[in-house]
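Below is one structure; the comments refer to it alone.
The values are calculated or read from the model by the stated rules, or taken from the named source; none is laboratory data. As the structure is a computational prediction, the values presented were derived from the model and not from experiment. Note that we place each Cβ from the backbone using ideal geometry, even for glycine, and neighbour counts take in every protein chain shown. Note: areas computed on protein heavy atoms with side chains; ligands, DNA, RNA excluded. Shrake-Rupley method; radii C 1.70, N 1.55, O 1.52, S 1.80 Å.
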Amino acid sequence: MSKEIILNCEKLERRFAMLNNGKLEEYKLERDDDTPKAGDIYLGRIINLDNSLQAAFVDIGAKKNAFLHFREMLPGNSELVEQYRADLESKESSITSKRKKKHKTPDNSPLTAEETRRKKKITTADIPNIFKPGMEILVQVAKAPISTKGARVTTDITIPGRFLVLMPYSEHIGLSSRIESAQERDRLRKILEQLELPEGMGMICRTNGEGRKAAFFKRDLGLLLDYWKKIENGVESRIAPQRLFTEPNLIDRTARDFMTDEIDGIVVDDPDAYKHIKDTLKRIGGIRLAGKVTRFKGTAPIFDYYNIDEQIKNVFQREVKLPGGGAIVIDETEALIAIDVNSGHGRKTADQPEFILQTNMEAAEEIARQLKLRNVGGLVVLDFIDMRSASDRDELYRHMKKLVKDDRAKTKVLPLSKLGLMEMTRQREHESILDQVYDPCPYCHGTGLVKSALTMSAEIQRRLSSVMRDKKHREASLRVFMHPDVLARLRDEDAELLTDLESKYKRELTFRADPELHYEEFRLIDAETGEEVR
């Protein structure tokens, strides 16, 4: 098995492709703009709090205000919460003291049920009393703006490094669940416990930290603490809304997140990016890791040379063929991703359980690949071919769970339902590749449909009848311009109807094709004046 990362760096965009034996496994696209990205940290300003939505809307300087759920407001605001708690306890103490004096109750008497209830921890119900519109608040983008929705943010800040993730507002010390060896987990935990971490902060060891010496973690933690210090200084010196920290670009993230021992090499076509990645990897991993970087010097575009562009075309296809003759059909909607599995037409073995299981297993592999390639997320509903055997259904479920295990996005898979559907959720932090590359069609508005020639013929006849009944155009001869395909319909199937229309209104009608008109457009022109009839 050979895994390579191919980087294409251009002025307008940067492209990342991960190949497994030449087959495209992951694809990422990045363009320079001011859109908030997942991981960016902002000093924002609360615009308003909506109790019905249990959320605050925060101005972070983007086109749309960010969405901050009440439950995401507490982690990074412990000082405000403690002050509110102290004020609350002070008021309760005063009320309790007055009640005791009134009823001459001893000071050591137990608290009433009501007093005990009020002593409980702060919850989302207290949020409107702690936070007010106009307050400045430090937030991190958890999910970038998607479609018409603004960014989703949180106050639970995390700053990822090469080997560690710093958590400034949590004292939790943890390890990546993908590090499975108990001996290695014990070794890493001892290293983390020896690192000098400021009070009140926590950290998580990333998968990249497996097998690394203590020096790597110490250096990584130092860099992360420097980042946090700059963010804290920004909070003190800047006025909201303001971006205080931005996630590294695709080139830096490749070196930080993707360059592991599993990767055999990185090939990059830009000399500056090549030098930058090589220096970065040398600094964080030594000469051996830096030696895996190669500069592409071919004359053909790098994605053409590695046959990546041809594979990317499938990313935008609705139907994807399977090796055994079946296919999967992928539909992205606002609410969910629907994927249908087809066995293929005319197959003699299409009803055999072995063939059905084989096709479903092939489909599962391609679905797991396509979800990563397209970078889609949210709710995904899979309609596999029906299987009668319970053991086959269980085998497919286990296979799907195994396939998504290595997905960087958090993914949860449920067993096949009684209706034969498999549901899964995939973490979505960014727009899908489809949304990045395409805008909705201005004619069909994303439906992929246009009116039929029959529909257009009916609309044209309806419009002609309306115009010829109008007193203003009673004497006018009309010329009608339309798409050639619609004209073909009028001249053939509907010619008799148009003759009847001319006869009824005693008017001459002329029909002409205009290939520049859209399928759903037509124009009525007064033959004498040359003006368009509105």
**Considering residues of segment 303-322 that are modelled with pLDDT of 90 or more and part of a loop (DSSP other than H, G, I, E, B) only, the residue most open to solvent (accessible area, probe 1.4 Å)** = Asn307
**Complete:** Exactly one of Met387, Met422 is in contact with a helix residue (DSSP H, G or I) (Cβ under 6 Å, 6 or more places away or on another chain) and hydrophobic (A, V, I, L, M, F, W, C), and that one is Met387
**Complete:** Sole miss for Ser181 among (1) free of Cβ contacts under 8 Å to residues at least 60 places away in the same chain; (2) of a type in the set (Ser, Thr, Tyr); (3) at positive phi is condition (3)
**Subset of segment 480-500 (residues that are touching a Ser or Thr at 6+ places or on another chain (Cβ under 9 Å) and surrounded by fewer than 17 Cβ atoms within 10 Å (Cβ to Cβ))** = Glu493, Leu497
**Request:** Being outside any loop (DSSP other than H, G, I, E, B) and farther than 23 Å from Glu262 by Cβ is the filter here, so list the residues in segment 172-189 that pass it.
**Result:** Ile173, Asp186, Arg189
**Pair list, Cβ under 8 Å, 6 or more apart: segment 437-461 residue in contact (Cβ under 8 Å) with a residue 24 or more places away in the chain, other residue in a loop (DSSP other than H, G, I, E, B) and of a type in the set (Ser, Thr, Tyr)** = Tyr443/Tyr519; Val450/Tyr443; Val450/Tyr519; Lys451/Tyr519; Met456/Tyr519
**Request:** Exactly one condition in (1) in a helix (DSSP H, G or I); (2) open to solvent by 20 Å² or more (accessible area, probe 1.4 Å); (3) more than 30 Å from Ala495 (Cβ to Cβ) is not met by Val381; state its number.
**Result:** (1)
**Request:** Identify, from the list Glu520, Glu516, Glu531, Glu508, the residue that is open to solvent by 40 Å² or more (accessible area, probe 1.4 Å), out of contact with any strand residue (DSSP E or B) (no Cβ under 6 Å at 6 or more places or on another chain) and touching a residue at least 40 places away in the same chain (Cβ under 8 Å).
**Result:** Glu520
**Asked** Which ones in segment 265-310 are within 17 Å of Gly22 (Cα to Cα), in contact with a strand residue (DSSP E or B) (Cβ under 7 Å, 6 or more places away or on another chain) and among the acidic types (Asp, Glu)?
**Response** none
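Quick grid of which residues meet (1) within 18 Å of Asp126 (Cα to Cα); (2) assigned to a loop (DSSP other than H, G, I, E, B); (3) in contact with a strand residue (DSSP E or B) (Cβ under 6 Å, 6 or more places away or on another chain):
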| position | (1), (2), (3) |
| --- | --- |
| Glu25 | no, no, yes |
| Leu29 | no, no, yes |
| Pro36 | no, yes, yes |
| Ser52 | yes, yes, no |
| Glu79 | yes, no, no |
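Return the residue satisfying two criteria in turn: it lies in segment 139-151 and is aliphatic (A, V, I, L, M) and within 13 Å of the chain's Cα centre (by Cα), and of such residues it is surrounded by the most Cβ atoms within 10 Å (Cβ to Cβ).
For segment 139-151, the residue satisfying everything is Ala151.
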**Message:** Every residue in segment 466-496 that is over 13 Å from Val533 (Cβ atoms) and in contact (Cβ under 8 Å) with a residue 40 or more places away in the chain, please.
**Reply:** Met482
**Request:** Collect the residues in segment 8-23 that are in a loop (DSSP other than H, G, I, E, B) and of a type in the set (S, T, N, Q), keeping them in residue-number order.
**Result:** Asn21
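One line per residue, one yes/no per condition, for (1) open to solvent by 40 Å² or more (accessible area, probe 1.4 Å); (2) under 26 Å from the mean Cα position of the chain (by Cα):
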{"site": "Lys402", "(1), (2)": "yes, yes"}
{"site": "Asp407", "(1), (2)": "no, yes"}
{"site": "Lys410", "(1), (2)": "yes, yes"}
{"site": "Met424", "(1), (2)": "no, yes"}
{"site": "Gln427", "(1), (2)": "yes, yes"}
{"site": "His430", "(1), (2)": "yes, yes"}
{"site": "Cys444", "(1), (2)": "no, yes"}
{"site": "Lys451", "(1), (2)": "yes, no"}
{"site": "Ile460", "(1), (2)": "no, no"}
**segment 464-479 - residue that is open to solvent by 40 Å² or more (accessible area, probe 1.4 Å) and assigned to a helix (DSSP H, G or I) and, of those, modelled with the highest pLDDT** = Ser466
**Request:** Output the residues belonging to segment 414-430 that are outside any loop (DSSP other than H, G, I, E, B) and polar (S, T, N, Q).
**Result:** Thr425
**Asked** Going through segment 392-413 one residue at a time, which ones are among the hydrophobic types (A, V, I, L, M, F, W, C) and part of a helix (DSSP H, G or I)?
**Response** Leu396, Met400, Leu403
**Asked** Within segment 40-70, which residues are out of contact with any His (no Cβ under 7 Å at 6 or more places or on another chain), open to solvent by 10 Å² or more (accessible area, probe 1.4 Å) and more than 19 Å from Ala144 (Cβ to Cβ)?
**Response** Arg45, Ile47, Asn48, Leu49, Asp50, Asn51, Ser52, Leu53
**Request:** Write out, first by first residue and then by second, each pair whose Cβ atoms fall under 7 Å of each other, whose residues are 6+ apart or on separate chains, and whose first residue, in segment 122-145, is closer than 17 Å to Leu53 by Cβ while the second is open to solvent by 50 Å² or more (accessible area, probe 1.4 Å) and in a loop (DSSP other than H, G, I, E, B).
**Result:** Thr124/Gln54; Pro128/Asn51; Lys143/Arg428; Lys143/Glu429
**Request:** Kindly establish whether Glu334 is open to solvent by 30 Å² or more (accessible area, probe 1.4 Å), over 21 Å from Leu250 (Cβ atoms) and either in a helix (DSSP H, G or I) or β-branched (Val, Ile, Thr) (or both).
**Result:** no
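A quick yes/no check of all residues on (1) at pLDDT below 55; (2) under 43 Å from the mean Cα position of the chain (by Cα); (3) small (Gly, Ala, Ser); (4) assigned to a helix (DSSP H, G or I):
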position	(1), (2), (3), (4)
Glu82	no, yes, no, yes
Ser93	no, no, yes, yes
Lys100	no, no, no, yes
Asn108	yes, no, no, no
Lys120	yes, yes, no, no
Pro128	no, yes, no, yes
Ile137	no, yes, no, no
Val153	no, yes, no, no
**Item:** Scan of segment 283-302 for residues that are of a type in the set (Gly, Ala, Ser) and in a helix (DSSP H, G or I), ordered by number
**Value:** Gly285, Ala290
